[in-house]
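Please read the structure below before turning to the comments.
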Amino acid sequence: RTKLPAYNSVDDAVSLLRHAKNIIVLSGAGISTSCGIPDFRSANGLYAQIQEDGEYDLSDPQEMFDIRYFREQPEVFYSFAKQIYPSNFVPSPCHRWIKLLEDRGKLLRNYTQNIDTLETLAGVQNVLQCHGSFATASCLRCRRRVPGTDIEGEIMRQEVPKCSVCRAEREAARAYEKSASAKGKPKVKGGMIWGDEEEEENEWGGGEPGIMKPDITFFGQALDSKFDECLFKDREKVDLLVIIGTSLKVAPVSEVCTHIPHSIPQIFINLTPVAHVQPDICLLGDADTIVTYLSDRLGWSIPPPPSASA
Ligand code: OAD
Ligand code: ZN
C-alpha cells in the first residue's frame, strides 16, 4: 500500500510555517546571490570563476579554501581574499525573512554557512556562523587571535599578514642568542624557540613568524565546537527545518538534515534540486521570490533593509 506523504504542497509549507514555534533555518550562499555575492558551485559561482581566471596556481578551485594548501602557499589565498571580504552589501529579502521569523518568536536558530555576516546586518540575533567569519583572525603558529580589522590592510593590499607576537618573540630570542653566544652562555631552550636548528618548516607554518589566517573555516579544519553544542541542544526542540540556498555538499553542516529527528518536517527552498536530500516539501526557484510569496500567504511582511545610514 502506498502511503501518501504527510506534507508535500505549498499549502502545507504555509501551514507548517504558521504553526511552527522552533524553526531551524539552514542557509547557504544562495541567499546572498541577489546581493551580488556569487555562490560557490553554480555555473557562475566562485569555483567556476577561479577556474576560468586561471590566475591561481591551483589544481582544484576548492584548494583556495584548503588548510594544507594555505600553509604551503598563503599568498594564493591572499591574492584572492579581498574579493570575498564583506563590504557594502545590503541584506536580501531572505536575510530579512529570517529576521521576520525571529521577530515572530519562531526562530530557534539560523545555521548559516555564509561568511558575509548579512544575517547579522539584517538584525538576526540567533545566528550561528558555522563556517566562521572575517570577524577575527588567528596565528597558525602561536594561535593568538586578533580582531579581523587587524589584518584588513594586508587583505586589501593582497599581502600575507604575519603575527606580531611571533615576530617579537623571534626578534627577542635572536637578540638574546646574540648576547648569550657573545658571553658564552647556553642558548635558550623551551617555550617558543627560534634557535638555528629550529628554523626549518614546522607544522604551524615554519620558522618564520606565524601566518595570520581569518577565522573562516577551510577544508581540513574542524568547525567550532559551538556547532555540535547548538545542534545537540536544538535537536530536542526543533519543530521545523527550513533549508535555503545551499547545495548541501559540505559536511558537517549538510548533516544537520539527518541529525534532527526524522519526524521533523523539512522544507527545501533552492534554485536547483539537490539529489541527495529528501525534503518533505521542495520549493524550487529564486529564494527571495519564494519567501516573499510565503510571507504574503501568511499575511506577514518582510522588514525593510537596515537604512544605509544605520
Ligand atoms: P553552493 O554554491 O554549493 O550552493 C548554493 C546553492 O544555492 C546552489 O544549489 C544554487 O542553485 C542555489 N542558489 C543560487 N542562487 C539562488 C537563488 N537566487 N535562490 C535560491 N537558490 C539559489 O553554496 P553552499 O551550499 O553555501 O565552505 O556551499 C557550502 C560551502 O561550500 C560554503 O560555505 C563554502 C563552500 O566551499 C567553505 O569554504 C568551507
Ligand atoms: Zn603567532
| said: Quick check on the exposure proxy: order MET212, MET156, MET64 from fewest to most C-beta atoms within 10 angstrom. | reply: MET156, MET64, MET212
| field | Exceeding the 25 Å Cα-Cα cut-off - candidates LYS213/LYS237; LYS106/LYS213; LYS213/LYS233; LYS82/LYS226; LYS226/LYS249 | value | LYS213/LYS237; LYS106/LYS213; LYS213/LYS233; LYS82/LYS226
| field | Packing-based ranking, highest mean first, of 50-62, 29-41, 214-226, 110-122 given that Cβ atoms within 10 Å are counted | value | 110-122, 29-41, 214-226, 50-62
| note | Residue by residue through segment 245-262, the couplings from Karplus 6.51 cos²θ - 1.76 cosθ + 1.60 with θ = phi - 60°, in Hz, x for Gly and Pro, are x, 9, 7, 6, 9, 10, 7, x, 4, 4, 7, 4, 4, 9, 8, 9, x, 4
| query | Which of the aspartates and glutamates could a cross-linker span from LYS162 if the Cα-Cα distance has to be under 15 Å and same-chain partners fewer than 8 positions apart are dropped? | reply | GLU72, GLU75, ASP150, GLU152, GLU154, GLU171, GLU208, ASP215
| Expressed as a whole number of Å, what is the distance separating the alpha-carbon centroids of segment 209-269 and segment 1-51? | 14
| remark: Here P(r) for segment 109-159, Cα-Cα distances in 10 Å bins, as whole percents, is 23, 43, 29, 5
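All of the numbers you see were taken from the coordinates with simple rules; none came from a lab. Predicted model only: the values in this text are computed from it and were never measured. Cβ sites come from the backbone with ideal geometry, for glycine too, and all protein chains shown count toward neighbours.
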